[in-house]
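Trainee: Mind having a look at this structure? Questions to follow.
The values are calculated or read from the model by the stated rules, or taken from the named source; none is laboratory data. Being a predicted model, the structure only gives us computed values, none of them experimental. No Cβ is skipped: glycine too gets one built from the backbone with ideal geometry, and neighbour counts run over all protein chains shown.
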């Protein structure tokens, strides 16, 4: 295929005509397809049926430590759940709090707590004139929404192939005391799919923050969400690196089983230094008497241990792999060499990141919507929903059944071509 | 029995000797008994075994509205759970948000949200010089702990036999714009066991707050937690009363199934005006993607409807009634007529409230502890843990098996006698 930028205006006009006709045809189908959010598909959920056997009327409801999981208590989580989630985060159970059903909720509360009560004794952020967070972009929209809600200023940090631009991160963190945090999805990043290199992790661990209440918000959401048995990314464990640098308190690690068992009915956890744990415990002991220990018990009994969880993830991979492969194949076949877009081919996680020609993303998403394909909103991967290039689109291929995914991606590539051709024609007119 | 205040110093000294000997004997038993917290007992938890059958591998996981409860979404809760909890609160499902496992957590977050973001557009409380809450006393320690953590000034409001002193409540609420809330447990109150009268509820509904962001925090934790089939208290539904007065937004109703199914693994809900719901929804949509819908489904399937829940509560009453009756009997038999204490005889809830002679509560709790009986800390039922009379002690008879409860209450009455006699002797010396 010829690169579209090399085509004449007439050639582009001819393509435009062709794509428009095809697009009208697609619109006529009245489809309703969804590639917007990182939801597991029905097949994945059905696979978990045995989960509903883990606790039954004849079960023993005592934890290993003899706690009756049906009653109040155990604010930090039952021992075996702390161990399971600790193993998942490669951190000691003593450094883990198991919360409720949502790691997003833990992150929100962590920022919220810092706003009102500060961090381990620091000035509450709501008393400060200015609080800033660094936001590697493109990134996760729900992270940005948290900091936006609290009026925290967000600063874009470009993502490179091995992680955030660390020169920029160091410059900000080590010099600006109003910089209190950075949002990270360090493995199979949302949406780029990349994994931070060892070098990047080490530079994070070695930061010398100007603010003593600066923390790295390490949302390892896709830790064990590999697509392949062999081609797996490896992420250096950050907490141990931080400790080596004497930066024990600098990182909060978040994880959940939302995309391992059930979104909304999983368990979520925080892993961090003893000092941070003690402070957070002193606050949350007022917020709740404890989280859902029966659900903790279900998870521990279902997986037995972290090895069981990893084995289980292979079953998810079997379902997800063909979806990602289909997206990749379609993008390569239909858009390869045209010079109108680039995309990622991740080894894990839940997303493919697509970059269109500058100034086309909004139009592409709108036209997909018109033809019955819902994508993540253009701009969503940037703070304040403002993509300065209007270029990044997050593709979430996991939810639709594979035949619907194929229909959706067919429409997507067609729309990309149509909008790009329009853009190129427009440019030729000046 | 003769009123102790009428005894001579010698008679008191003789009693002291007798009680001290008995106390030493009890201490020698090395007991470990707990009447501290309102926990259901093992028998109650065992009764719920069928709960673990409600979802099994062959279940249908779709909600009535066709939502797959195993996946993300439904921020406000599934329709049938909103209905169940709405029925429990006598409020329309449209006015209900079903949250996670803890109504305390909802209350905490509600205060926390007001601190940072205000209430429906009002100034965030953290930007104000002074924020105050009214605290009917004695009351629930965990309520007071929330407002204390956020640095909110707490004002004691005496509890009368029909609810808080409403003259005082009106005086504060209608004149002081820094008064932003009042903590209420309106039925089978913690710890006094009283239920607010219709008149008190109507006066609450008719408040004319100086602060537009004033709200009534109506924690109806013991709504259907009756001990008797006939002697049941009736609480006038407050939201409808508020609406009659044009005060639609003034009340937040909280409830949970913590003491209906399982503490820590129940579901909790908020019931309030559409305007409040909309505001809270706009905030929590950033905090979480949704709460545990599978647990909502479990509850709905277990109870079928509110009638099912009420029937179920009779089973709890069968277990709890003898415990409360035992406590009452022992208090009457051992302390009746002695003039050294008064106590409540509630028709429901989880507590008996005991008032010792002024200046004796701390000593009684400490001496009980020494003899192996853990009580709720003296002072806990007051803001800042400061009981100005050092008199109120909360008895929680639900958790221990009945034979242990008997041992515990025997020690309690003995200690009350001993400490009171000491107190009276001391007074005679001046």
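Trainee: Specify which of the listed residues (A:424, A:405) is farther than 15 Å from residue A:331 by Cβ and in the same structural domain as residue A:9 (by TED's automatic domain parsing).
Mentor: Unique residue meeting the criteria: A:424.
Trainee: Turning to a different aspect of this structure: For segment A:174-191, check the following and say yes or no: at least one residue is assigned to a helix (DSSP H, G or I) and touching a helix residue (DSSP H, G or I) at 6+ places or on another chain (Cβ under 9 Å).
Mentor: The answer is no, given that none of the residues of segment A:174-191 is assigned to a helix (DSSP H, G or I) and touching a helix residue (DSSP H, G or I) at 6+ places or on another chain (Cβ under 9 Å).
Trainee: Scanning for something within 14 Å of chain B (Cβ to nearest Cβ), touching a helix residue (DSSP H, G or I) at 6+ places or on another chain (Cβ under 7 Å) and closer than 26 Å to residue B:99 by Cα, does segment A:151-158 turn up at least one residue?
Mentor: no
Trainee: With respect to residue B:78, determine if the residue is without any contact (Cβ under 8 Å) to a residue 60 or more places away in the chain and either assigned by TED's automatic domain parsing to the domain that holds residue B:284 or touching a strand residue (DSSP E or B) at 6+ places or on another chain (Cβ under 6 Å) (or both). Please lay out each step first, then the result.
Mentor: Working: without any contact (Cβ under 8 Å) to a residue 60 or more places away in the chain: no; either assigned by TED's automatic domain parsing to the domain that holds residue B:284 or touching a strand residue (DSSP E or B) at 6+ places or on another chain (Cβ under 6 Å) (or both): yes.
In short, no.
Trainee: So residue B:301 clears everything in (1) within 13 Å of chain A (Cβ to nearest Cβ); (2) in contact with a helix residue (DSSP H, G or I) (Cβ under 8 Å, 6 or more places away or on another chain); (3) assigned to a helix (DSSP H, G or I) except one condition, right? Which one?
Mentor: (2)
Trainee: Out of (1) within 14 Å of chain A (Cβ to nearest Cβ); (2) assigned to a loop (DSSP other than H, G, I, E, B); (3) surrounded by fewer than 16 Cβ atoms within 10 Å (Cβ to Cβ), the odd one out for residue B:50 is which?
Mentor: In the conditions (1) within 14 Å of chain A (Cβ to nearest Cβ); (2) assigned to a loop (DSSP other than H, G, I, E, B); (3) surrounded by fewer than 16 Cβ atoms within 10 Å (Cβ to Cβ), residue B:50 misses (2) alone.
Trainee: So, one more: Counting residues that are over 20 Å from the mean Cα position of the chain (by Cα) and over 22 Å from residue A:27 (Cα atoms), which strands (runs of 3 or more DSSP E) fully inside segment A:315-414 reach at least 1?
Mentor: Values: elements: A:341-343, A:352-356, A:373-375, A:392-395.
Output list reads A:341-343.
Trainee: Please determine, by comparing only the residues of segment A:304-313 that are without any contact (Cβ under 8 Å) to a residue 24 or more places away in the chain and part of a helix (DSSP H, G or I), which one is farthest from the other protein chains (Cβ to nearest Cβ).
Mentor: A:307
Trainee: Hey, does segment A:54-75 have a residue that's in contact (Cβ under 8 Å) with a residue 12 or more places away in the chain, within 11 Å of another protein chain (Cβ to nearest Cβ) and assigned to a helix (DSSP H, G or I)?
Mentor: No: zero hits.
Trainee: To continue, here is another question. So, in segment B:2-29, how many residues would count as being part of a loop (DSSP other than H, G, I, E, B) and within 21 Å of residue B:336 (Cα to Cα)?
Mentor: 4
Trainee: It is to be established whether one or more residues within segment A:339-352 are buried (at least 18 other Cβ atoms within 10 Å of the Cβ) and under 30 Å from residue A:79 (Cβ atoms). Before the answer, list the steps.
Mentor: Filtering segment A:339-352 down to residues buried (at least 18 other Cβ atoms within 10 Å of the Cβ) leaves A:340-341, A:343-344, A:346-352.
Pick out the ones that are also under 30 Å from residue A:79 (Cβ atoms) and you get A:348.
There is at least one residue in segment A:339-352 that is buried (at least 18 other Cβ atoms within 10 Å of the Cβ) and under 30 Å from residue A:79 (Cβ atoms).
Quick grid of which residues meet (1) in contact with a strand residue (DSSP E or B) (Cβ under 7 Å, 6 or more places away or on another chain); (2) within 14 Å of chain B (Cβ to nearest Cβ); (3) under 24 Å from residue A:64 (Cα atoms):
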{"site": "A:252", "(1), (2), (3)": "yes, no, no"}
{"site": "A:255", "(1), (2), (3)": "yes, no, yes"}
{"site": "A:271", "(1), (2), (3)": "yes, no, yes"}
{"site": "A:278", "(1), (2), (3)": "no, no, yes"}
{"site": "A:294", "(1), (2), (3)": "no, yes, yes"}
{"site": "A:297", "(1), (2), (3)": "no, yes, yes"}
{"site": "A:315", "(1), (2), (3)": "no, no, no"}
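Trainee: Just one of A:135, A:120 is touching a residue at least 12 places away in the same chain (Cβ under 8 Å), away from every other protein chain (no Cβ under 14 Å) and assigned to a strand (DSSP E or B); which is it?
Mentor: A:135 is the lone residue from the list that is touching a residue at least 12 places away in the same chain (Cβ under 8 Å), away from every other protein chain (no Cβ under 14 Å) and assigned to a strand (DSSP E or B).
Trainee: Which ones in segment A:81-104 are within 14 Å of chain B (Cβ to nearest Cβ), assigned to a helix (DSSP H, G or I) and either touching a strand residue (DSSP E or B) at 6+ places or on another chain (Cβ under 6 Å) or over 22 Å from residue B:101 (Cβ atoms) (or both)?
Mentor: A:81, A:103
Trainee: Return the residues of segment A:192-251 that are part of a helix (DSSP H, G or I), crowded, with 20+ Cβ neighbours inside 10 Å and touching a residue at least 60 places away in the same chain (Cβ under 8 Å); say none if nothing qualifies.
Mentor: A:239
Trainee: Test residue A:24 against the criterion of being within 30 Å of residue A:393 (Cβ to Cβ) and within 13 Å of another protein chain (Cβ to nearest Cβ), and give yes or no.
Mentor: no
Trainee: From the list B:290, B:266, exactly one residue is within 17 Å of residue B:88 (Cα to Cα) and part of a loop (DSSP other than H, G, I, E, B). Which is it? Before you say what the answer is, go through the steps one by one.
Mentor: On the way: B:290 fails: within 17 Å of residue B:88 (Cα to Cα).
The unique qualifying residue is B:266.
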